[in-house]
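In what follows, a single structure is set out as structure tokens and then discussed.
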Amino acid sequence: MSTAKKPRCPAFYQGDCYVMAESMGHLLFQLMLSMRREIETRMAEHGLTDAQWKPLLMLKLGRAGTAFELAREMCVDAGAMTRMLDRLESKRLIERVRSETDRRVVHLQLTAEGESVVEHVPHVLAAVNNDFLRGFNKQEWAQMKELLQRMLVNGQAMQAEAEGPGPRQRAGADASEAKRNHAAPNPPRETQRSVPGALLTAATMVGAVLATAALLAGCASSAGVAPSSHTLLTATQAGAVADASGTPWPASPWWAAWGDPDLSTLIDKALARQPSLQTVQARLVQAQAAVDAAGAARAPQVNGSLALTDQRFSQNGLVPPSLAGAVRWNNSAQIDASWELDLFG
């Protein structure tokens, strides 16, 4: 069963003659920076910065009601959003109101002054967009929006493809691979050997492997090779000193007593993503093993090899008559030692 091939995209850009100033990404980025500078200039007339009008508009449109929701909508971390809300609250544009049903939740509301200021935001944004579209007609404006939306769709498709194929696509790929393996041609008849010759070659190969393994095992030493385990230090061993006043250690979750949902969210994220002490210790042991393996290259090295070959010479070609059609052993053993001295440190 054949699958539809992915259509080949036209190459609008070439790597050997790429000009960054002509790329779509560079042009769109420069356009965004220019629009942001113009928006910030005009928002300054209403006492707002480029970063401050966005949460006000989100609250006005009802797309967010808490600091966590604002941070998620604007793709910023909770700490930066909390500092931004502190500045807006100091300007008396918003106010924090604790929920009556859940005291841990703090809602955000626009004040009367904030409502008055945010009324100017949509008009400023519309004016800036219109000024940047100066000289365009409505058909060009609609076409530009359509083209940009098509680029966004392509970007979303690439992101979905980067996440990996679905189960059905993987199953199809496995089936195609199995079909190719099943249809692989057999080796040419003239390269196949008789059954006695094949058995002899197999026995020779097994013997060579066993001899090499015995040689290496005789040179190897298992001294000092044992599973390592480390016991984590207790609080007393780590140097912790008990409080002289006898104050007990805060119980988890101690931060819930502050009643701040932003603090609870930050700590929950930190606890969810931090590794345990056992995991950290395992990573340290793994890193130390990698360091030891890298340092082993500076120690004396001894390598050995053994090759046993049973070869039948061809009766045709440039083979002497004494060897033509005969079976001969070709055996070799090799051992070498090296030590790379670091004389200059």
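The values are calculated or read from the model by the stated rules, or taken from the named source; none is laboratory data. Please read all numbers here as calculations on a predicted model, not as lab measurements. For neighbour counting, all protein chains shown are included, and Cβ atoms are generated from backbone atoms with ideal geometry for every residue, glycine included. For the accessible areas, the whole protein counts, side chains as well, though only heavy atoms, and no ligand, DNA or RNA atoms are used. Shrake-Rupley method; radii C 1.70, N 1.55, O 1.52, S 1.80 Å.
Some observations on this one:
- Net length gained if the chain between Y13 and E40 were fully extended (0.36 nm per residue, minus Cα distance): 6.3 nm
- For the pair R103 and L308, the difference between a 0.36 nm per residue extended length and the Cα-Cα distance amounts to 65.7 nm.
- Ligands, DNA and RNA left out, the accessible area of region 8-152 computed with a 1.4 Å probe is 55% carbon and sulfur.
- Shape call, region 77-155: gyration tensor on alpha carbons, a/c limit 1.5: prolate
- Charging the Cβ of each Asp and Glu at -1 and of each Lys and Arg at +1, and nothing else, the dipole of region 30-152 about its Cα centre rounds to 200 debye.
- Virtual spin-label span in nm between L61 and A282, 7 Å along Cα→Cβ: 4.5 nm
- Net charge in the neighbourhood of A127 (other residues with Cβ under 12 Å of its Cβ; Lys, Arg +1, Asp, Glu -1) is -1.
- Chymotrypsin sites (Phe, Trp or Tyr not before Pro) within region 5-72, DSSP loop, no more than 13 other Cβ atoms inside 10 Å: F12, Y13, Y18
- Given their separation in residues at 0.36 nm each and the Cα-Cα distance between them, M74 and M32 gain 13.5 nm when the chain is fully extended.
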